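Right, one structure below, let's go through it.
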Amino acid sequence: MNISDKFKQKNVIFSMEVFPPKKTSPIETIYSTFSDIWQVPADFISVTYGAGGTEAQKNKTCAISSLLKSEYSVEPLAHLTCLTSDKEEICSALELLKQNGITNVLALRGDRNPEISPKNVFEHASDLVSFIKKYDPSFNIVGACYPEGHGECESLQKDIEHLKIKVEAGVSHLITQLFFDNDQFFSFMDMLEKNGIDVPVEAGIMPVINKSQIERIVTMCGSSLPRRFSHMISRYAADPLALRDAGISYATQQIIELVSSGVRGIHLYTMNNIELAKKINENIRSVIRSANKEND
Ligand code: FAD
């Protein structure tokens with residue numbers, strides 16, 4: 001199923017992100033992650049792509065997406081990056097997805113990695129979007145966006161102008177980088193409107209349940225931390241159980257405010273913690289159901 005159709009059926013959709021097992025782990029280790037996945041009703045589940053990995057590692061994205069579809073009846077969204085690939089490699093990745101009946105692709109540039117030279121074939125994600133559209137127009141293409149601006153771009157306004165090129169190349173909906181400050185998201189949405197970007201946007205939310213996550217997030221994503229969030233982390237840093245409860249509560253409140261304000265989707269960065277996803281989903285299920293009743 002083309003997941004863009006979900007936005008025609010619902011006011012708010014709920015989706016999750018998972019990642020394949022790390023290099024040395026066999027793919028079967030994901031089974032334990034998925035054993036309870038049916039308890040979290042998601043409109044789709046996205047599967048990340050390890051750009052720097054071996055062929056076998058990259059193929060795990062397709063294998064897990066295929067597993068989600070065939071064994072768990074969940075629509076997968078396969079991530080695909082392009083910076084370190086040539087056309088031939090992208091064609092074989094797309095062919096593999098097609099053979100497995102996977103039609104939804106999150107088209108990404110990928111992060112720059114000093115250890116892996118870019119192939120200089122696809123410079124921006126928009127190049128990949130155009131390429132996929134030509135390769136097989138039946139693919140539904142999703143794109144990434146950054147409420148606080150992408151780290152390499154000189155300004156948020158410029159980043160949004162680049163985003164517009166990507167959307168016009170054929171993106172049906174966008175998923176944001178994770179953020180902790182809803183006000184940043186709301187002003188980003190205003191800017192998208194002013195710049196004529198009107199595809200649905202899903203808000204990327206990550207429940208933070210331990211302190212080590214924070215440093216990684218700030219380094220990798222550059223997300224700013226609102227004062228009440230930082231207070232929460234420092235207050236409960238030494239008490240893992242309290243930090244877990246506070247982190248779940250923070251993400252829940254963020255989601256409730258977003259849904260109340262008309263967000264079109266919540267994309268939960270699960271870090272493969274399905275127990276946590278289940279908890280968040282229980283907390284927000286009635287809110288999402290209520291928003292969708294307005295559509296009945
Ligand atoms: P782009 O849209 O190409 O943007 C990258 C930079 O180029 C931006 O600064 C933009 O302003 C600029 N730019 C874009 N177009 C132009 C243009 N025409 N002219 C000049 N400048 C331009 N990484 C992985 O390796 N694997 C994953 O599975 C993965 N999943 C992700 C999922 C989500 C939802 C998000 C938000 C990110 C994900 N990433 C993943 C990280 C992503 O690869 C990086 O953030 C990467 O640095 C940018 O990717 P992009 O697709 O947004 O790139």
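The table below gives the values:
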| item | result |
| --- | --- |
| Two-decimal Rg to Rh for region 21-118 - Kirkwood Rh, Cα set | 0.97 |
| Label zone at residue 89, where the point sits 7 Å out along the Cα-to-Cβ direction: region 43-71 residues whose backbone N lies under 11 Å | 51-55, 58 |
| Vicinal HN-Hα couplings computed from phi for region 26-33 (Karplus, 6.51 cos²θ - 1.76 cosθ + 1.60; Hz; Gly/Pro x) | x, 4, 4, 5, 6, 4, 5, 4 |
| ³J(HN,Hα), Karplus 6.51/-1.76/1.60, whole Hz, each residue of region 240-246, x for Gly, Pro | x, 5, 5, 5, 4, 4, 5 |
| Gain upon complete extension [residue 36, residue 23; 0.36 nm per residue less C-alpha separation] | 2.3 nm |
| Dipole moment magnitude, nearest 20 debye, the chain about Cα centre, only Lys, Arg, Asp, Glu C-beta charged | 380 |
| Dimensions (Å) - the chain, Cα atoms, principal axes, largest first | 51, 47, 46 |
| Cβ-derived FRET efficiency at R0 35 Å, residue 293 paired with residue 111, nearest 0.05 | 0.30 |
| Rounded percent of accessible protein surface that carbon and sulfur make up, the chain, 1.4 Å probe | 50 |
| For residue 103, net neighbour charge (Lys/Arg +1, Asp/Glu -1) across residues whose Cβ lies under 14 Å away | 0 |
| Relative contact order %, region 3-293, counting alpha carbon pairs below 8 Å whose residues are six or more apart | 20 |
| Among 283, 267, 94 - extreme Cα towards positive end, dipole of region 3-293, charges at beta-carbon | 283 |
| Radius 10 Å from Cβ of residue 85, net charge of other residues (Lys, Arg +1; Asp, Glu -1) | 0 |
| Summed residue charge, Cβ within 15 Å of residue 45's Cβ, Lys/Arg positive, Asp/Glu negative | -2 |
| Heavy-atom accessible area ranking, 1.4 Å probe, most first, across 1, 16, 232 | 1, 232, 16 |
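The values are calculated or read from the model by the stated rules, or taken from the named source; none is laboratory data. All of these numbers come straight from a predicted model, not from anything done at the bench. All Cβ positions, even for glycine, are placed from backbone atoms using ideal geometry, and neighbour counts span all protein chains on display. Surface accessibility is based on the protein's heavy atoms, side chains included, excluding ligands, DNA and RNA. Shrake-Rupley method; radii C 1.70, N 1.55, O 1.52, S 1.80 Å.
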